[in-house]
Each structure stands twice: as structure tokens, then as C-alpha cells.
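A.B. asks: Here it is: the structure, laid out below.
The values are calculated or read from the model by the stated rules, or taken from the named source; none is laboratory data. Computed from a predicted model, the values in this text were never measured in an experiment. Cβ atoms come from the backbone with ideal geometry, glycine included; neighbour counts cover every protein chain shown.
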């Protein structure tokens, strides 16, 4: 804005021309406060036998209902990186603590399935969106509890997402099914 334009603007304002009425502001809709879903519930255990038939050389297996957590990670969340770090650390700690308490042995190879038990809401669910939670649970089992030498493709098949029965109350839960594999991937039994 030049000095001449500024002077003209101020002269117009001094004449006290009527100012057009401003449009009424729209009030922001209040977001509904989320209600707490209630106390945690224990979902029924998933069926393991159908999963074992899909594997070429299954051995022992363990079903681990992960500890109750009010916050799990999904692919669709938008959280601050420090909040994600706090949740990740807790998921790893929970998985390692459960593996140590259950005295899971060290394995050479394993297949891991994760079963999502969603809240009882009437909408479709995609268990693959919960892969970040499963990944950090598996990191806790492998790195912190020593379940496998590493979680790369040579030692771990999966994690494979599955949908389980919904919980009756509380937040979503997750069950991990760990299946020992007796032979390397792709090799037939002798």
C-alpha cells in the first residue's frame, strides 16, 4: 500500500461511512464427548485348529491375550510423535512381560497371527489397520523377550491379521497366536 492509498483510506474512515453489517458467525458444533465403553472384558479365545491347517509344518502353539490397554495404534490415527512413542513403549513392555510370565521358549521359526477383538460397534472393521499395534507387540516378543532370533522374513511368517469376536465392554483387545514352525519356509517335510 502506498502513502497516497493509505491517506485515502484514512480519509474514508474519518467520514464515518456506515460499515456493512458483518455476517453472523457460525458457531462451531461441539464434538460429542466420547463415553467410556465400560470395564474391560475378556473375549472368547479364537479357534487355532483352522489356522494350523494352513501351515506346512506346525509345531507347538500358544494363544496370548494381550493385556488390556485403553490405547492401541492403528494406521488411521493422527497422534503426536511423543504420544505414539509412549504407546509403542507400553505395547512392547506388555508383550515382553506376558511372554516372560508364560515362559515362552526361544524358537527358531514361527508364524504369528493377530486376532482383533473390536468394540461392539455396528460398523465394518479392517483388522489390517491394527498392524502397528501387532508390530510393536511382536517387537516386544522378539527383541525384549527373545522369542525369535530376529523378526525378519527368515524367522517370522506374518503377522497375519484376523477378525475375532467383539468384546462385550471396554476397548478393543488383541490376541496373538504364536505357532512354532518345524521346517524352514518353503521346504516340505521329509
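A.B. asks: From 88, 60, which residue is within 17 Å of residue 135 (Cα to Cα), modelled with pLDDT of 90 or more and not in a loop (DSSP other than H, G, I, E, B)? Lay out the reasoning, then the answer.
C.D. replies: Values: 60 fails: within 17 Å of residue 135 (Cα to Cα).
Of the residues listed, the single one that is within 17 Å of residue 135 (Cα to Cα), modelled with pLDDT of 90 or more and not in a loop (DSSP other than H, G, I, E, B) is 88.
A.B. asks: Name the residues in region 172-190 that are outside any strand (DSSP E or B) and either in contact with a strand residue (DSSP E or B) (Cβ under 8 Å, 6 or more places away or on another chain) or at pLDDT 90 or above (or both), would you?
C.D. replies: Just the residues of region 172-190 that are outside any strand (DSSP E or B), to begin with: 172, 182-190.
Listed by number, the residues that qualify are 172, 182, 185.
A.B. asks: Also: Where residues in region 138-158 are surrounded by fewer than 19 Cβ atoms within 10 Å (Cβ to Cβ) and not in a loop (DSSP other than H, G, I, E, B), which of them is modelled with the lowest pLDDT? Can you show your working first?
C.D. replies: Filtering region 138-158 down to residues surrounded by fewer than 19 Cβ atoms within 10 Å (Cβ to Cβ) leaves 139, 143-144, 146, 149-150, 152-155, 157-158.
Right, trim to not in a loop (DSSP other than H, G, I, E, B) and you get 139, 143-144, 157-158.
Details: 139: 94, 143: 90, 144: 90, 157: 92, 158: 87.
Once the filter is applied, the top-ranked residue is 158.
A.B. asks: Restricting attention to region 119-137, which residues are part of a loop (DSSP other than H, G, I, E, B) and either in contact with a strand residue (DSSP E or B) (Cβ under 7 Å, 6 or more places away or on another chain) or modelled with pLDDT of 95 or more (or both)?
C.D. replies: Keep residues of region 119-137 that are part of a loop (DSSP other than H, G, I, E, B), which gives 119-126.
125, the sole residue that qualifies.
A.B. asks: Is region 161-171 home to any residue that is modelled with pLDDT of 90 or more, within 21 Å of residue 102 (Cα to Cα) and crowded, with 17+ Cβ neighbours inside 10 Å?
C.D. replies: Checked region 161-171: no residue is modelled with pLDDT of 90 or more, within 21 Å of residue 102 (Cα to Cα) and crowded, with 17+ Cβ neighbours inside 10 Å.
A.B. asks: Go through region 63-81 and give me each residue that's part of a helix (DSSP H, G or I) and either modelled with pLDDT of 95 or more or surrounded by 15 or more Cβ atoms within 10 Å (Cβ to Cβ) (or both). Give the steps one after another, and end with the answer.
C.D. replies: Start the filter on region 63-81 by keeping residues that are part of a helix (DSSP H, G or I), which leaves 81.
Across region 63-81, there are no qualifying residues.
A.B. asks: I'm trying to understand the selection: among the residues of region 108-160, which are farther than 12 Å from residue 174 by Cβ and in contact with a helix residue (DSSP H, G or I) (Cβ under 6 Å, 6 or more places away or on another chain)?
C.D. replies: 139, 140, 141, 144, 145, 147, 148, 151, listed by residue number.
A.B. asks: Just one of (1) touching a residue at least 24 places away in the same chain (Cβ under 8 Å); (2) over 22 Å from residue 59 (Cα atoms) trips up residue 90, so point out which.
C.D. replies: Failed condition: (1).
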